[in-house]
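In what follows, a structure is listed as C-alpha cells, so that the remarks can point back to it.
Each value in this text was obtained by applying a stated rule to the coordinates, not by laboratory testing. No experiment lies behind these values; they were computed from the predicted model shown. Cβ placement follows ideal geometry from the backbone for every residue including glycine, while neighbour counts extend to all protein chains displayed.
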C-alpha cells in the first residue's frame, strides 16, 4: 500500500470521476483506477454469495476494495457505540486531584515570588505617562458616552414657497384611513349588530370581500372591552399599503344622474297619441296573429290560431262576423282602396280573397261585380299559383277567390292602389315572393334568385318601389326598372317586421333581438337610430297614416308608442320621442303582443295579443 | 419630502398611530428598546401639546381602540391608540417593515413636535411648569426613581402644565379683529362668528369641573381628554405619579367609575361611567348625567366621525342628540314619544281599516270584471242592471307625479347606450344605499318592538 500512496491531498474524489486515474504517487506517476467491470448484476451476485461482502469497503483514495480485518471491524463497532478506540483505555480510572479546594499545609510549588512582582513596571509607567501627556496636551479626548437621543430643530424655519419642486406638486398623498362608523363603537346602536345569518354570511365571505373587516360587537361597559387582536395586523397592512400600492389620481365622474337624461320634448306637447285602453275585443280563443282595418276605419279584421277570422265594428267592439277558414291565419290585409271591399287572408297554402259584406251595400256589391266581370284570357298562361273561384258554399260565406300556392303562405300585403298584392311563401327558393293582380287574376314571380329567407315584403306607398326584408337586410327594388335600388343593413340579427312612413322616405324595422331600427332612406343605408325600448323580441311595428306616430309591439306584452316627426326640410333629422308605454295584454306562452295597427284616421292603436284579445288604445 | 409644515401635518395620522402602538410594546424582543422609548416620549410630547393647545375635537371608543381627532393649524389629525393590554404578537407580520416606518415616523414626529411647541412658546424638550414641580416633588419623595425616568412619567401623567419660554400673559386672548372678506354676506359672517363662539365654548367644556378617576378606569385617555377641555383631574396616589388631590377632596364634582355598584358614595359629586366623558366631548355639551350612573344600561356610543347626508340612515339616538344641540328639551320628547307610540298604535288600527277598504275596492273590481266577462261571453240578453258607480276622487298631485315619473322613464329609454350604463350604475348605487338604510331602520324597529314587548311582559309580571 505504501508505494501507491495518493498525493492529491484532501480533495473531493469526484473530480477524478471522468479520468482513468485517481491521482499521482510519490514519483508523480498516475495511479490508475483498478479495473472494474462489475455491473449491477455482478454486484448483486457478490452481495449474495460473498460472505465477506459486508466487511468490504472501497478505499476512495486508491479505488481498491479492502476487506476489513476483525480488529478493524471491532474498532468500528466501538466507535459507533461511542466508546474509546483503544480497547485497553479505561475511562473510569479513579482521578488523582492535583489541586483541591482544601487548603493543604504544604504548597504545591514552593517557589519564592519574583522581585519584579514587587516593583512597578517601568514599561507600563512609560506608556501611562505618554497617555497622560497626550490627554494633557489635548491630543486624546476621553470617550464620551454615546447619546442616541436625536436632536430636533425647526426644520421648517425657512419655509420657502419657491422651493416647492415639481415632484412635490406631482406627489400624490396617501389616502387617509377610513374613519370609523357607528358599527365600530364598543356600544353601537342595536341595529348595527349583525344577526345570526349576517354573521354566518360574514364568516363565509373572503376576507378581501368583506365590507367590514370586523364583527360589530356590543359591550356593556368600557371595563369589558378586550384588546383588539388584529390591531398590529391592521397597522402592518397600512404600512404595506403605503409603500407597495401604486397611487393614481382618479377623476371621479361626478355627474348628476338627472343631467344624463336627454332633454326631450314633453309627451304632453306631442299629443295626440293613444294613452288609455278603451276597448277590448273578446272572442278569439287562441292567439290573435294578425290585424287589419278597413280604409274607412269602421271595420277591423283579425285572424287567429283558432282557425277563424273575425270582423269587428271598431267603435262598439261588436263581432260582426266570424269566418271559419279551416286553418291557422297567418296574415290578413284589407284592401287599402276605399272603393273596394276586399280582404286578403293567408290560410295555410292559400290566400283567400274575401268580401266581408260589411258597410255600404253599394260598395261591396260593386266589388262583387268587379270580381265577377273577369273574363279569362284566350290563351292560358303558365302561372306559379292557381286561381280558383270559390264554390257556392264558400261564396255564401264571403269567400270570392282562392289563390293556391305550392307552400304555406305567411304574409300578404296590398299595394296602395288596391289592385296588386304580394304574398310571401315560407320557402327557400326563388319562389318566395309573388306579386298578384286581382283584376286580371294574374300572378308573377319577380325574382330569379333567392337572396335568403324573406321575412316580409312591403310596397312603397307612392313610388314603384318594393321592399323585401330578409333576415338581416332590407332590399329595395324598383319595380319599373326591375333592379335593386338599395340594400339597407339593419344591424339586427333577425328582422321580424317592417313598416314604412306614409311619406315613403323612412322605414322602421322591428327585430327579434328587441331592437327597432329607423332608416332614413335619403340619409344612409344604415339605421339612423336603433331603439332598444323593448325588453323582448319585437313582433310588429306600425306607422300612422297621418299623425307622426309609430308603434311597436313586443313579446314583453307592451306596445310602445313613439312620436316620429319627419320634417319636410331635408336638413332636419327626424325627431323620435317615446311617448307612451301601453300595457294590457296578459303574457301567454311567453308571447305578448303579436300585432299592432293604427286606425287610419284617428290617433288610436290596436294591438292583438297571445291572450286571444284585441285591444284598442285611444 | 414635506416642503411645508402643513404637508407634514397632513401626513401625521399614520405617524401618530404607529408611535402610539410602538410605545405600548414590551421593552423586550421585537424591536429596540430605544425605539420604544423614543416613541413613548414623542407620543407623550404630542399629547402634552394637544392639552396645551386645547385642540382635541373628537374622541371615539371603538372595539379596535380609542380614536382621537385633533385640529392643528386647521388640519384634522386622527389617530388611534390600542387599549392598554399586552399584545398578542402575530407571527405573520414583518416587524422590520414596521420598524423602518417607525424610524421615519419618529423623525417626522420629532420635528413636528419641536415646531408645534415653538408655535405655542413652550420649551422643547418640554419641562413641567415650576410651580407644579414643586408641588409634586415633596409628595412623591426622593426615593421614587431615577430623575430621567420620573421625568417622562411625570410628563405622561398629563396633570401639570408645561413651562413656557415667555411667561403666559392673559393678553393672548385678544379678540379677533374682523376682516370682512369680499363677497361674504353678513349672514355668512354671522355664521362664522357663531361657529367661532361654539368652538371657544367647546374648548372650555369641562372648565371648573374637578374629576377623580377610579383605579379601574383607563387613566391616560381620560386624563388626556379631561385636561384637553379645561377640566382638572386626579387619581389615586398609588396608581400613577402626578396625582394632585385625593378622593376625599370635597371639591370633586365628578368621579369616573366603571364598576356596577359604588359603596360609600360621597354626597356632592356625580358618579359616572367613562362613556359620559366621551359622549359629552362629541356632543359639545355636558350631557345629562342620569343615563351614565354606575350600573345603568348605557345609551349607545355613536361615532362622531359620521356626518349623515340626506337619505342616509340616522340612528334615533343621533336625532335626539341633534335636537339637544339645537337646544330642545329631550325630556319632553320622550314623553311625546310615548304619546306618539300610543298614537302609532291607533294609526296602525287605522291602517288596517284602510287596507280593508282597499280590499273592498279590489273586490268590487273583481265583481265588475266578472260582470264584464259575463256580458261579453253571453251576448244573449241578460237582465241588464246598472249599479251605481262610486265617486272616485282623483289625487291630482299623485297623478302629476305619476305623469312625471312616466316622462322620466320614457326619456331614459331614449338615452345612449354608454350614458344609460352610467346612469344605471349611479342609480344602482343610490338604490343600494337606500336599501341599506331601510334595512337598518327595519332592524331597529324590530329591536324596539321586541324591547317594548319585554317591558310590557315584565310590567304585567
The stretch A:1-157 - Rg over Rh from alpha carbon coordinates, Kirkwood radius: 1.35
Test item: A:238-245 mean partner chain Cβ contacts at 10 Å: 4
Shielding by partners - mean other protein chain Cβ count within 10 Å, residues of B:83-92: 3
Largest-first principal axis extents, alpha carbons of the stretch B:208-305, Å: 35, 28, 22
For chain A, convex hull volume per residue from C-alpha positions, Å³: 639
Peptides ranked, highest mean first, by Cβ atoms within 10 Å: ranges A:444-457, A:53-66: A:444-457, A:53-66
Neighbour-count ranking [beta-carbon atoms within 10 angstrom, fewest first] of A:487, B:64: A:487, B:64
Fewest-first sequence of B:296, B:281 by Cβ atoms within 10 Å of each Cβ: B:296, B:281
For the stretch A:352-467: span of alpha carbons on each principal axis (Å, largest first): 44, 32, 26
The stretch B:208-305, relative contact order [Cα under 8 Å, separation at least 6], %: 24
Contour excess over end-to-end distance, with Cα ends at residue A:97 and residue A:121 and 0.36 nm allotted per residue: 5.1 nm
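Taking the beta-carbon count within 10 Å as an exposure proxy, list A:438, A:391, A:109 from fewest neighbours to most. It would help to have the intermediate numbers written out before the result.
On the way: A:438 25, A:391 11, A:109 4.
Exposure proxy ranking, most exposed first: A:109, A:391, A:438.
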Label point 7 Å beyond Cα of residue A:386 along Cβ direction - residues of the stretch A:341-357 with amide nitrogen under 17 Å: A:347-353
Pairwise FRET efficiency - residue A:56 versus residue A:19, Cβ, R0 = 30 Å, nearest 0.05: 0.80
Value of [θ]222 nm, deg cm²/dmol, for chain A, DSSP H segments ≥ 4, -39500 (n - 2.57) each, nearest 500: -4000 deg cm²/dmol
Cα Rg, Dmax (largest Cα-Cα span) when computed across the stretch B:1-102, Å: 14.3, 40
D_trans [Stokes-Einstein, Kirkwood Rh over alpha-carbon pairs] for the stretch A:437-531, 25 °C, 0.890 mPa s, µm² s⁻¹: 178
Gain in span if fully extended, residue B:207 to residue B:390, counting 0.36 nm per residue against the direct Cα distance: 58.8 nm
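Could you calculate the FRET efficiency of residue A:162 with residue A:568 from 1/(1 + (r/R0)^6), where r is the beta carbon distance between them and R0 is 45 Å, rounded to 0.05? Each step should come with its number before you reach the end.
Values: r = 67 Å, r/R0 = 1.49.
For R0 = 45 Å, the calculated efficiency reads 0.10.
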Expected-Rg normalisation [2.2 N^0.38 Å, Cα atoms] applied to the stretch A:1-45: 1.38
Packing-based order for B:115-127, B:259-271, A:290-302, using average beta carbon neighbours within 10 Å, highest first: A:290-302, B:115-127, B:259-271
Inter-chain shielding of A:261-272 (mean C-beta neighbours from other protein chains, 10 Å cut-off): 3
Förster-model FRET efficiency, 45 Å R0, residue A:440 and residue A:523, C-beta, rounded to 0.05: 0.75
Overall dimensions of the stretch A:272-409 by Cα: Rg and Dmax, Å: 15.9, 57
Inter-probe distance in nm under a simple model that places probes 7 Å from Cα toward Cβ, at residue A:201 and residue A:266: 4.2
Chain A, relative contact order [Cα under 8 Å, separation at least 6], %: 8
Orientation-averaged projected area, Cα convex hull of the protein assembly as shown (nm²): 97.7
Intensity falloff of the stretch A:91-135 expressed as log10 I(q)/I(0), Debye formula with alpha-carbon point scatterers, at q = 0.21, 0.33, 0.34 Å⁻¹: -0.84, -1.11, -1.13
Residue A:76-residue A:111 pseudo-label distance in nm [points 7 Å out on the Cα-to-Cβ vector]: 5.0
